[in-house]
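Take a look at the structure set out below.
The values are calculated or read from the model by the stated rules, or taken from the named source; none is laboratory data. Predicted model only: the values in this text are computed from it and were never measured. Note: ideal-geometry Cβ built from the backbone for every residue, glycine included; neighbour counts use all protein chains shown.
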Amino acid sequence: MREISFDRKSIRTRLIMAFVVTSFVPIVLVNIVSYYNTSRLVRQNVEGMTNANLEQTRVSLDVWLDSYEDILFQVYTDDDIVALVDKINAGEDVANNRQMLRKTLRGLFYTKDYVKSISVITDSGELVFYDQLTASTTRTSWMDSISMSQAELYRAISSDNKTHIIPTGDRVVFGSNSCYLFHIGHRIIDYRDVDKQCGVVLVSIDEELLEEICSTTENGLNFIVDREGNLISCANSEKVGQSIHPGEADEAEKRTVYQQIAMQTGLLGETELSIYSVHDEETGWEIIRATNQEELIRALRQQQQMMAFIIVLALCAVMLVMFSQVTRMTGSIKRVVETMRKAGKGNLTIRVMSDRTRPTEIEVIAEEFNSMMDKLKKSVETQKNAEIAALEAQINPHFLYNTLDTINWMAIDKDEYEISNMIGTLAHILRYGISDSNGVVKIKDEVEWLKQYIFLQQMKLKNSFDCHINVEPEIMGYPIHKLLLQPFIENAILHGFEGTEGPHRLEMDMGRQEKWIQIRIQDNGCGIPEETVREMNEGIFRKTDNKNHIGMENAITRIHMYYGENVDVKIESTIGKGTTVRILIPMEDVIDK
């Protein structure tokens, strides 16, 4: 026996070592390699995705600015506008021509969102505009927000035939309205004499357009800086329109400033940010993206934790399988013998669990043992059922129904119709309650049975209480478990009205409340102490004043047994004013009609 035990231990040890070598080591190596590969790929892709985002933003910026240049083109090439500007320059009926020019500009104003003002500066120095922010006709809302005077602005734009972009200036404030504006301008061209100086036109655009193009995300912030270092657009920043660095600053200085600007917005936290940028040739602007590397680090850390968890879980699974298999192979005979010993002590329900890994001979013994135990149990149950049947025959419900029926006819013969009604009601109540007492019926059947039960109680108590039952017709067809509400009714009648003077009143309402069946049972009886109500709502039922509330406890337990924890039963009571029981049964837990 010692030699066999030694061999068995030797096999067990070798199996454990084989499992460790073939499962533990490969799992650890695979997960370590996978983690480092994932980290490398994530870092490689972040820069590519960021640059792609910036390039897409740059293209969107050019497309949007081109669309606003169309408005500019309509103004500086319009013959009617050129004619009006010429008249103003010549001093002809200046007031009327100014008004007509302003009306023309107003007609173009609403062709594009984010346009706040369209202005024309004539060669003679007249300023004609339509401005959304101000009702003035002599001074625009934005002229004071830029660093150039009207004359300087005219000279800069009229010097060539290019579109000029005037960067965002100070915040424009008029009453409760405020915004940042940038402007695009072009000289007015008379194609009959292209060299003639007529004037210039400027379209003022809300900086919110640039914020929308930049589309700030949770872990990234886009903003725009021009070649002189002015902040053109940045969400949630008070430095828009200001110079944030000298135009000749080196890349290291710029990155430091850009990090400070991004952190000051409060949109990306206060951790160190990574800065990426792309240059837009058309505008000369630089589009910058600041990203929160903490998000990447957090994601990598979560990936590492997940992999560690998977490793531990896999190893636990391997160890569980390993010990399960080894124990099963070395302990099959012992389990069969232990099962037989328990059966010999009188446990007729025990069986040897099927295990195909056992040797065939032991498996045959286990199957024969199980077959013998099945036959023995069946024999015992047959004898037990016979004894129960004999007892039931002594109290056969049919005998009780027939006897009640006989008494009923005797009462009718004696013209005792009240007694007859009570006996008939009692027979129906007994038949309803005894037949499949845990079954499911429609609400209308349960309510009808409750009415008959209450009728008997009223007769018994000499009509000492009134009862009103109100059920919404739409739920009459829904099913409910039998005898579910009777204990609450009985508790109100027998305990609620006890020791109190009338008139006594019992009410029951049933209806649908969204996805719930709502039931309310209320009496105006003696009530229950506040502390007892609190304990009952917490599931604690104590005996108080010779009342053990066992009926309420059993009823609530039964409701939870049928409908699970989603059901809600709440008891409310006030001493001397009565008790209310509210029951909510989720509709999804109710069987379909």
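Against the definition (within 24 Å of Gln99 (Cα to Cα) and assigned to a loop (DSSP other than H, G, I, E, B)), how does Thr138 come out, yes or no? Here the answer is yes, as Thr138 does meet what is asked. Across the stretch 141-165, the qualifying residues are those that are of a type in the set (Val, Ile, Thr) and at pLDDT 90 or above, and the one among them that is surrounded by the most Cβ atoms within 10 Å (Cβ to Cβ) is Ile157. Flag set for Ser233, criterion: of a type in the set (S, T, N, Q), in contact with a helix residue (DSSP H, G or I) (Cβ under 9 Å, 6 or more places away or on another chain) and part of a strand (DSSP E or B).
Residues that are in contact with an Asp or Glu (Cβ under 6 Å, 6 or more places away or on another chain) and among the charged types (D, E, K, R): does the stretch 105-120 have at least one? Yes; the residues of the stretch 105-120 include at least one that is in contact with an Asp or Glu (Cβ under 6 Å, 6 or more places away or on another chain) and among the charged types (D, E, K, R).
The residues in the stretch 494-522 that are part of a loop (DSSP other than H, G, I, E, B) and either surrounded by 13 or more Cβ atoms within 10 Å (Cβ to Cβ) or aromatic (Phe, Trp, Tyr) (or both) can be counted, and the count is 2. Against the criterion of being of a type outside the set (Ser, Thr, Tyr), within 44 Å of the chain's Cα centre (by Cα) and more than 18 Å from Ile583 (Cβ to Cβ), Ile550 qualifies. The numbered conditions (1) touching a strand residue (DSSP E or B) at 6+ places or on another chain (Cβ under 7 Å); (2) surrounded by fewer than 19 Cβ atoms within 10 Å (Cβ to Cβ); (3) touching a residue at least 40 places away in the same chain (Cβ under 8 Å) are all true for Val225 except (2). If the condition is being modelled with pLDDT under 90, part of a loop (DSSP other than H, G, I, E, B) and of a type outside the set (Ser, Thr, Tyr), then the stretch 197-225 contributes Glu207, Glu218, Asn219. Take Thr38 and decide whether it is surrounded by 17 or more Cβ atoms within 10 Å (Cβ to Cβ) and over 30 Å from Glu126 (Cα atoms). In short, no.
Of all residues in the stretch 167-196, those satisfying the criterion of being surrounded by 14 or more Cβ atoms within 10 Å (Cβ to Cβ) and part of a strand (DSSP E or B) are Val172, Phe174, Cys179, Leu181, Phe182, His183, Ile184, Gly185, His186, Arg187. Taking (1) within 28 Å of Arg558 (Cα to Cα); (2) at pLDDT below 70; (3) part of a helix (DSSP H, G or I) in turn, Val380 satisfies each apart from (1).
Among the residues making up the stretch 114-135, those that are among the hydroxyl-bearing types (Ser, Thr, Tyr) and part of a strand (DSSP E or B) are Ser117, Ser119, Thr122, Tyr130.
A single member of Leu202, Leu153, Leu181 is under 43 Å from the mean Cα position of the chain (by Cα) and touching a residue at least 24 places away in the same chain (Cβ under 8 Å), and it is Leu181. Every test in (1) in a helix (DSSP H, G or I); (2) of a type outside the set (Gly, Ala, Ser); (3) buried (at least 21 other Cβ atoms within 10 Å of the Cβ) is passed by Thr532 save one, and that test is (3). Check the stretch 226-234 and report whether any residue there is at pLDDT below 90 and either more than 25 Å from Glu282 (Cα to Cα) or among the basic types (Lys, Arg) (or both). Within the stretch 226-234, one or more residues are at pLDDT below 90 and either more than 25 Å from Glu282 (Cα to Cα) or among the basic types (Lys, Arg) (or both). Criterion applied to Glu448, Glu474, Glu490 was being surrounded by fewer than 19 Cβ atoms within 10 Å (Cβ to Cβ) and either assigned to a loop (DSSP other than H, G, I, E, B) or in contact (Cβ under 8 Å) with a residue 60 or more places away in the chain (or both), and the one residue passing it is Glu490.
Filter the stretch 87-113 for residues that are part of a helix (DSSP H, G or I) and charged (D, E, K, R); which is nearest to Ser204 (Cα to Cα)? For the stretch 87-113, the residue satisfying everything is Arg106.
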